1. Roughly to the nearest percent, how much of the accessible area of the range 1-131 is carbon and sulfur, given a 1.4 Å probe?
2. So what is the relative contact order of the range 1-102, in percent, for Cα pairs below 8 Å that sit 6 or more residues apart?
3. Pull out a ≥ b ≥ c, the square roots of the eigenvalues of the alpha-carbon gyration tensor of the range 1-117, then state rounded if a/c is under 1.5, prolate if not and a/b is larger than b/c, and oblate in the remaining case.
4. Treat each spin label as a single point 7 Å out from the Cα along the C-beta direction, and report the S185 to K107 distance in nm.
5. Going by accessible area, probe 1.4 Å, with all protein chains left in place, what is the ranking of S185, S193, largest first?
6. In terms of the Cα gyration tensor, with a ≥ b ≥ c the square roots of its eigenvalues, is the range 6-66 rounded because a/c is under 1.5, prolate because a/b exceeds b/c, or oblate?
7. Determine the dipole magnitude for the range 1-91: charges of +1 sit on the beta-carbon of Lys and Arg, -1 on that of Asp and Glu, nothing else is charged, the reference point is the Cα centre, and the result goes in debye to the nearest 20.
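The values are calculated or read from the model by the stated rules, or taken from the named source; none is laboratory data. All of these numbers come straight from a predicted model, not from anything done at the bench. Don't worry about glycine lacking a Cβ; one is built from the backbone with ideal geometry, like all the others, and counts go over all protein chains shown. Please note that ligands, DNA and RNA were not included when accessible areas were found on the heavy atoms of the full protein model with its side chains. Shrake-Rupley method; radii C 1.70, N 1.55, O 1.52, S 1.80 Å.
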Amino acid sequence: MTVRVLVADDQDLVRVGLRMILDAQPDIEVVGEAADGEEAVALARRLRPDVCLFDVRMPGIDGIEATRRLAGADVADPMAVVVITTFDLDEYVHDALKAGARGFLLKDAGPELLAQAVHAAAEGDALIAPRITARLLATFAGPSGAGPPPQPVDPLTAREEEVLLTVARGRTNAEVAAELHVSMSTVKTHLASLMAKIGARNRVEIAIWAYETGRMPTP
């Protein structure tokens, strides 16, 4: 099945480059481009792409607000959004993840990782740039004035704690399954249980919660 992607970036050369990389994949098609957040939100609502690939910093409505409008907690039918940024320690990225983005990449990630992130988002998974996952989440998942992180409605099982820590390290479902020697379906079952217990909407919020509750050491 072809994954339909909307690309939003205010730099023409970056948009062209992302389109070329993605269109070169046999099962990915770029169905729209936007130069700012307003246009991105309008196009996303009209085209209903499988994945939105948004730059963080855009004029007018930035990538964070665009993400919130398409994938926020109050959105009935949230879209899959992947944030892409230039900086390897960007406070705006954390805000984007809180707004509902399924993951983020750096613009120097390379074609293979970019394609993996798009596929992961389309499948309900998430891919976060591995080399900055721990540092960024640990730095920005501290107190934000919104009160302490929610406690699980039921205690986590030992296996759920293991899955939680692997997800917080940026592992994909396949990598979690291999590391814990369980099936993919078992991983998805544990992730669903984790989300229900801690009130997370996706695996990115699971990872943030692991840092906010002190389960992951600061790098």
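1. Here it works out to 50 percent.
2. 26
3. Cα axes put the range 1-117 in the rounded bin.
4. Each label point is offset 7 Å from its Cα along the Cβ direction, giving 4.4 nm.
5. Putting S185, S193 in descending order of accessible area: S185, S193.
6. Because a/c hits 1.5 or more and a/b fails to exceed b/c, the range 6-66 counts as oblate.
7. Here the size comes out at about 340 debye.
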